[in-house]
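Input: a single structure, listed below in structure tokens.
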Amino acid sequence: MLQQILDSAKLFLPETALAVTFCVALVMDITAPRNRLLTASVVVLGLFVAGGFLVNQMASGTSSIFSNMIAVDPFSTFFKFVILTCSILIVVFSSQSHELRLGQRRLGEYYSLLVSLTLGMFLMTGASNLLMMYISLELTSLSSYILAGYTKEAEDSSEASLKYVIYGALSSGMMLYGISILYGLTGAVDIYGINQALHAGNVNIVTLIIAGVLTIVGFGYKISAVPFHFWTPDVYEGAPITITAFLSVASKAAGFAMLIRFFKVSFENTAVTGLAFGTWTSFQGFEWNQVLAILSVLTMTLGNLVAIWQNNLKRLLAYSSIAHAGYLLLGVVVLSNEGIAAVLIYFVVYLFMNLGAFYVVMLVANKTGSEDIDDYKGLGHRSPLIGVAMTIFLLSLTGIPPTAGFIGKLYLFAALINAKLFWLAIVGALNSVVSLYYYARILRNMFLREPEVSSTALQLSSTEILILFVLLIPTLLLGVYFTPLVEFAQASVVMFGTH
């Protein structure tokens, strides 16, 4: 037992580095509460150390550690890189946010909670045990609740945190109930054991469907899928911009990683699955991909339609984020390695284009104190760099070439067409057209509307310009040179789900 723990600990170094960084950040907040830059620097260093351990871990292949509690494989490693990159960028964003600097607020605990949130997401990506899935989801959620209400002097921030707690508690309880039913049916808490029990064929299919639907509620809440999305607009609007950006990318990535692993491993009928061709088959009577197809259509359609009426940019991007969750579900519905690889590709491009859009919103809010779309009038003339950057990010979110967003949607739709799910591809394409309308409202205000008389030019510091280009370059580069990303994504799903 001791040797097994020691062997597992060697593959748990990235998470260990994050746990140590969390403790160090807390201690620094106590010993040097006013030194914000030092705490942020230590947190970034800790994140890079975790990244170094991740790079070393890539050569370890596929393993299961701590008695099948956590899977260490290329699939989880891919998502960890996405989450880690997002975390580092958010720490940098936070150091420049005027919103967080107000009131001489101590930011040591803020940065430590960011690390705690990152650790929870790391655990979610590799969780292969129902209890570990629930514990990692709760660690992520509890950190999110506090961070969403961090600017507590603002009324909408406290409201956002409270709503987040209420919705989170409800969905968490329903998911836990589904997990308990699954355990009662199969006698197993690890997803491999559940799969073996289902292969034995002694499970009541109606009860299994009920357990599966209840579990989907928990996942749906985490990825902001309709009808479990009600918390998203209010929380995204009330939370600090940095946390909104973080939740829209990293939290969604962790949720998708856990959802895909749970359904693919637990409910894959390996007796009839064509593994050589990278396709899967679910157990007869429990067609969970059809449930996800309905959720996908509802999610992207409602997200895009409601976004049309939004005037607050954070709220608009919240509904945009809901719509993108619907697009990402399209790749899961396909039931193939090609579909999952498309999801991985989409997450990388989504990371840069969505964080870029939120960064522009933060820069404008820093200068003007507003997130309203009307305050973007003439922005393209007052600050051409911000105007052009925002245009590129929004075009990429729409999926227009030659941006990275086009490549992300191209691979998703290609997977759907190869699986002969033409109707889903058509619905996805029509939703992309709808999304262009509300993104075009922002572009119209920036370039075709005259600025207010009192409006002044927005000057950017060299650091802000640098970060803007760090997000812009991948958004454009991955639109024309994407082969390494595609190969990395495809390699990450080849052995996914093996035990």
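The values are calculated or read from the model by the stated rules, or taken from the named source; none is laboratory data. The model shown is predicted, which means the values in this text are computed figures rather than measured ones. Note that we place each Cβ from the backbone using ideal geometry, even for glycine, and neighbour counts take in every protein chain shown.
Somewhere in region 447-466, is a residue in contact with a Phe, Trp or Tyr (Cβ under 7 Å, 6 or more places away or on another chain), at pLDDT 90 or above and assigned to a helix (DSSP H, G or I)? There is no residue in region 447-466 that is in contact with a Phe, Trp or Tyr (Cβ under 7 Å, 6 or more places away or on another chain), at pLDDT 90 or above and assigned to a helix (DSSP H, G or I).
In region 216-235, how many residues are of a type outside the set (A, V, I, L, M, F, W, C) and either farther than 14 Å from Tyr145 by Cα or outside any helix (DSSP H, G or I) (or both)? Going through region 216-235 one residue at a time, the tally reaches 6. Out of all the residues in region 166-211, which are crowded, with 18+ Cβ neighbours inside 10 Å, without any contact (Cβ under 8 Å) to a residue 40 or more places away in the chain and under 30 Å from Pro233 (Cβ atoms)? Matches in region 166-211: Ala211 only. Restricting attention to region 132-165, the residues that are more than 21 Å from the chain's Cα centre (by Cα) and of a type in the set (Val, Ile, Thr) total 1. Of all positions in region 51-72, none carries a residue that is assigned to a helix (DSSP H, G or I) and surrounded by 22 or more Cβ atoms within 10 Å (Cβ to Cβ). Among the residues making up region 142-154, those that are in a helix (DSSP H, G or I) and touching a residue at least 60 places away in the same chain (Cβ under 8 Å) are Ser144, Leu147, Ala148.
Here Pro74 meets each of (1) touching a residue at least 60 places away in the same chain (Cβ under 8 Å); (2) within 21 Å of Asn354 (Cα to Cα) with one exception, condition (2). For beta carbons closer than 8 Å, sequence separation of 6+ or different chains, a first residue in region 1-28 that is farther than 23 Å from Val91 by Cα and of a type in the set (A, V, I, L, M) and a second that is part of a helix (DSSP H, G or I) and at pLDDT below 90, the qualifying pairs are Leu11/Gln57; Leu11/Ser60. Within region 73-89, count every residue that is surrounded by fewer than 23 Cβ atoms within 10 Å (Cβ to Cβ) and over 23 Å from Ala9 (Cα atoms). Of the residues in that region, 2 qualify.
Scan region 250-262 and tell me whether some residue there is buried (at least 24 other Cβ atoms within 10 Å of the Cβ) and touching a Cys at 6+ places or on another chain (Cβ under 8 Å). Yes; the residues of region 250-262 include at least one that is buried (at least 24 other Cβ atoms within 10 Å of the Cβ) and touching a Cys at 6+ places or on another chain (Cβ under 8 Å). Selection within region 301-346: residues that are touching a Phe, Trp or Tyr at 6+ places or on another chain (Cβ under 9 Å), among the polar types (S, T, N, Q) and outside any helix (DSSP H, G or I). The member of this set that is farthest from Ala245 (Cα to Cα) is Ser336. Residues of region 401-446 that are touching a residue at least 24 places away in the same chain (Cβ under 8 Å), in a loop (DSSP other than H, G, I, E, B) and not hydroxyl-bearing (Ser, Thr, Tyr): Pro401, Pro402, Ala419, Leu421. Selection of region 393-428 for residues being crowded, with 23+ Cβ neighbours inside 10 Å, closer than 28 Å to Val470 by Cβ and of a type in the set (A, V, I, L, M, F, W, C) yields Phe393, Leu394, Leu397, Ala404, Ile407, Leu412.
Report yes if some residue within region 123-130 is farther than 29 Å from Asp29 by Cβ, over 16 Å from the mean Cα position of the chain (by Cα) and part of a helix (DSSP H, G or I); otherwise report no. Checking region 123-130: at least one residue is farther than 29 Å from Asp29 by Cβ, over 16 Å from the mean Cα position of the chain (by Cα) and part of a helix (DSSP H, G or I). Before we move on, is Ser136 of a type in the set (S, T, N, Q) and in contact with a Leu (Cβ under 6 Å, 6 or more places away or on another chain)? So Ser136 fits the description; yes. Among the conditions (1) under 30 Å from Leu198 (Cβ atoms); (2) within 16 Å of the chain's Cα centre (by Cα), Ile322 misses just one, which is (1).
Per-residue answers, yes or no, for (1) touching a Phe, Trp or Tyr at 6+ places or on another chain (Cβ under 6 Å); (2) closer than 11 Å to Met353 by Cβ; (3) modelled with pLDDT under 90; (4) aromatic (Phe, Trp, Tyr):
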{"position": "Ala389", "(1), (2), (3), (4)": "no, yes, no, no"}
{"position": "Thr398", "(1), (2), (3), (4)": "yes, yes, no, no"}
{"position": "Gly408", "(1), (2), (3), (4)": "yes, yes, no, no"}
{"position": "Leu416", "(1), (2), (3), (4)": "no, no, no, no"}
{"position": "Ala419", "(1), (2), (3), (4)": "no, no, yes, no"}
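Test Ala17 against the criterion of being aliphatic (A, V, I, L, M), in contact with a strand residue (DSSP E or B) (Cβ under 9 Å, 6 or more places away or on another chain), in a helix (DSSP H, G or I) and under 21 Å from Asp73 (Cα atoms), and give yes or no. Taking the combined requirement at face value, the residue does not satisfy it. Please verify whether region 261-268 includes one or more residues that are charged (D, E, K, R) and modelled with pLDDT of 90 or more. Yes, region 261-268 contains at least one residue that is charged (D, E, K, R) and modelled with pLDDT of 90 or more.
Scanning region 376-386 for residues that are under 21 Å from Gln310 (Cα atoms) and either surrounded by fewer than 20 Cβ atoms within 10 Å (Cβ to Cβ) or touching a Pro at 6+ places or on another chain (Cβ under 7 Å) (or both) turns up Lys377, Gly378.
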